[in-house]
Amino acid sequence: MSKNLEPIIKPFDFWSLPDEGPDDFKIGTPEFFAIFIPKSDNVASFGWWDGEELLWLAEYYHAAGNEMVFYVLDSNSSMDECSREEWFHFVSNQTPECLPWILFRLPELNLL
């Protein structure tokens with residue numbers, strides 16, 4: 001049985017920090033991460049780094065409006081936008097340990 005895995009919290013400007021961001025993930029160390037909107041409990045982005053690549057991502061950060069945008073890494077190592085259903089299926093199969101955290105936040109993450 002999988003344990004409940006809480007994401008590692010990253011700063012809001014994580015993607016643009018010169019000494020952090022995707023290139024600064026530790027090689028070989030899988031990491032479930034979340035980025036929150038400053039001074040808020042609302043998630044800006046969350047995803048899974050598999051130790052070498054960003055495996056999946058869901059974010060408001062670059063989205064127009066109030067909709068979450070979903071991405072998964074395809075077989076060609078390309079991060080492609082996908083439907084909510086495709087993303088959830090991918091996450092369920094690839095990183096089921098993240099599901100308790102995600103399922104607890106379905107309304108907050110606009111996953112209902």
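Residue 93: modelled with pLDDT of 90 or more and exposed (fewer than 11 other Cβ atoms within 10 Å of the Cβ), yes or no? Yes: the conditions hold for residue 93. Scanning the stretch 18-43 for residues that are modelled with pLDDT under 80 and of a type outside the set (Asp, Glu) yields 18, 21, 22, 25, 26, 27, 28. One residue stands out in the stretch 46-83 among those that are modelled with pLDDT under 90 and in contact with a Leu (Cβ under 7 Å, 6 or more places away or on another chain): the one that is surrounded by the fewest Cβ atoms within 10 Å (Cβ to Cβ), namely 53.
For the stretch 23-112, the strands (runs of 3 or more DSSP E) that sit wholly inside it and include 2 or more residues that are farther than 18 Å from residue 10 by Cα are 69-73, 79-82.
The values are calculated or read from the model by the stated rules, or taken from the named source; none is laboratory data. Bear in mind that the values here come from a model prediction, so they are computed numbers and not experimental data. Backbone-built Cβ (ideal geometry, glycine too); neighbour counts: all protein chains shown.
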